[in-house]
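Notes follow once the structure below has been shown.
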Amino acid sequence: MADAQKNRQVLLVSRPEGEASTDNFRLVETPLLPLREGELRVRNHYLSLDPYMRGRMSDAKSYAAPQALNEVMIGGTVGEVVESRNPKFKVGDNVVGMYGWQEYGTSDGTGLYAVDTTHVPLSAYLGPVGMPGVTAWYGLNRIIEPKAGDTVAVSAASGAVGSVVGQLAKAAGCRVIGIAGGAEKCRYVVETLGFDACIDYKAGHLYDELKAAAPDDIDGYFENVGGEVLDAVLPRMNAHGRIALCGMISGYDGKPLPLQAPRILLTQRLKLQGFIVSEHMELWPQALKELGERVATKKLIYRETIAQGLENAPEAFLGLLRGKNFGKQLVKLI
């Protein structure tokens with residue numbers, strides 16, 4: 001095993017009052033205990049940072065139990081098996097798991113699976129070939145159900161989920177309109193990802209630009225943001241439009257969301273469906289196979305923002321909540 005006998009971890013030590021801060025976290029060092037029979041140890045290479053984590057920091061009622069205080073912060077990880085007393089895993093295996101914000105993970109292998117990095121980089125298993133990619137695949141294919149010729153809009157279009165949604169929608173023959181924050185992100189969405197248009201919501205003309213970009217209005221909408229963005233999109237929806245409600249990040253960090261007008265849902269007979277991708281595990285193999293093939297053959301483009309070192313995870317996470325990342329936010333641990 002690696003000669004380090006210590007494991008650095010980031011714990012959640014308090015619940016945010018209003019916006020989250022670095023004071024809610026603490027970096028600690030703990031000893032690495034000898035493995036018991038059936039256990040294995042993974043040196044985590046990358047840690048995934050995702051918006052859902054902000055909800056887990058709160059003890060408000062939600063779809064999942066809150067993150068326990070004084071415990072390792074939840075999170076997806078990829079890494080390499082460095083020691084094993086488990087016959088299902090051998091030293092050198094690359095694995096995806098949920099070891100959280102720490103440098104080493106030790107477990108009996110439950111929920112852990114090995115991945116092939118021959119054609120797909122290890123970090124991509126936390127992005128386009130991981131939970132964000134499956135989230136995009138499910139919301140688009142099972143809720144929006146795109147047809148060739150449809151107009152599909154995507155908020156947070158340059159992010160880990162939105163970027164995949166738009167590319168899959170283009171592959172399905174749709175006109176795709178992205179919504180992102182800032183001119184640089186919008187250029188990337190159009191010029192690199194191949195969206196038909198992208199609107200910078202920070203420019204202050206979202207409704208008018210959306211109307212111009214979607215002259216035939218919108219058939220499907222993938223929602224990651226909520227708030228003013230959803231308010232601008234709803235009036236542009238066609239009758240019988242479909243909305244995949246994935247996230248409402250504009251209200252995650254202690255900011256109340258304005259009430260959305262349900263009248264439009266009624267008058268336009270819209271389908272708005274919220275979903276949690278972990279409740280549809282039976283579809284993950286199909287989605288991951290398709291996504292992996294697209295990444296391996298360069299048909300699916302993705303971008304990463306990488307913070308260096310576990311100690312920088314809290315600051316990187318706060319930046320994610322404020323839209324400072326570009327693409328998938330990761331922390332490199334080795």
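The values are calculated or read from the model by the stated rules, or taken from the named source; none is laboratory data. As the structure is a prediction and not an experimental result, all values here were calculated from the model. For neighbour counting, all protein chains shown are included, and Cβ atoms are generated from backbone atoms with ideal geometry for every residue, glycine included.
Please state which one of Asp50, Asp93, Asp108, Asp116 is among the charged types (D, E, K, R) and within 29 Å of Glu19 (Cβ to Cβ).
Asp50
Report whether or not Leu272 is in contact with a helix residue (DSSP H, G or I) (Cβ under 7 Å, 6 or more places away or on another chain) and either in a loop (DSSP other than H, G, I, E, B) or at pLDDT 95 or above (or both).
The answer is no for Leu272.
Any idea which residue in region 300-325 is farthest from Gly76 (Cα to Cα), counting only those that are surrounded by fewer than 18 Cβ atoms within 10 Å (Cβ to Cβ) and of a type in the set (A, V, I, L, M, F, W, C)?
Only one residue tops the list, namely Ile301.
Quick check: anything in region 61-78 farther than 24 Å from Cys246 by Cα and in contact (Cβ under 8 Å) with a residue 60 or more places away in the chain?
Yes, some residue in region 61-78 is farther than 24 Å from Cys246 by Cα and in contact (Cβ under 8 Å) with a residue 60 or more places away in the chain.
Gly292 versus (1) modelled with pLDDT of 95 or more; (2) surrounded by fewer than 17 Cβ atoms within 10 Å (Cβ to Cβ); (3) assigned to a helix (DSSP H, G or I): which is the lone unmet condition?
So the condition that Gly292 fails would be (2).
Check off (1) modelled with pLDDT under 95; (2) under 30 Å from Val91 (Cα atoms) for Asp59 and give me the number that stays unchecked.
Of the numbered conditions (1) modelled with pLDDT under 95; (2) under 30 Å from Val91 (Cα atoms), the odd one out for Asp59 is (2).
So Gly227 ticks every box in (1) without any contact (Cβ under 8 Å) to a residue 60 or more places away in the chain; (2) closer than 13 Å to Asp150 by Cα but one. Which box is left unticked?
Of the numbered conditions (1) without any contact (Cβ under 8 Å) to a residue 60 or more places away in the chain; (2) closer than 13 Å to Asp150 by Cα, the odd one out for Gly227 is (2).
Scan region 192-226 for residues that are closer than 19 Å to Gly323 by Cα and in a helix (DSSP H, G or I) and jot them down.
Residues satisfying the conditions are Tyr201, Lys202, Ala203, Leu206.
Would you be able to tell me the number of residues in region 300-325 that are in a loop (DSSP other than H, G, I, E, B) and modelled with pLDDT under 95?
Residues flagged as in a loop (DSSP other than H, G, I, E, B) and modelled with pLDDT under 95 within region 300-325 amount to 4.
Could you check, for region 91-111, whether at least one of its residues is modelled with pLDDT of 95 or more, under 30 Å from Met237 (Cβ atoms) and β-branched (Val, Ile, Thr)?
Within region 91-111, none of the residues are modelled with pLDDT of 95 or more, under 30 Å from Met237 (Cβ atoms) and β-branched (Val, Ile, Thr).
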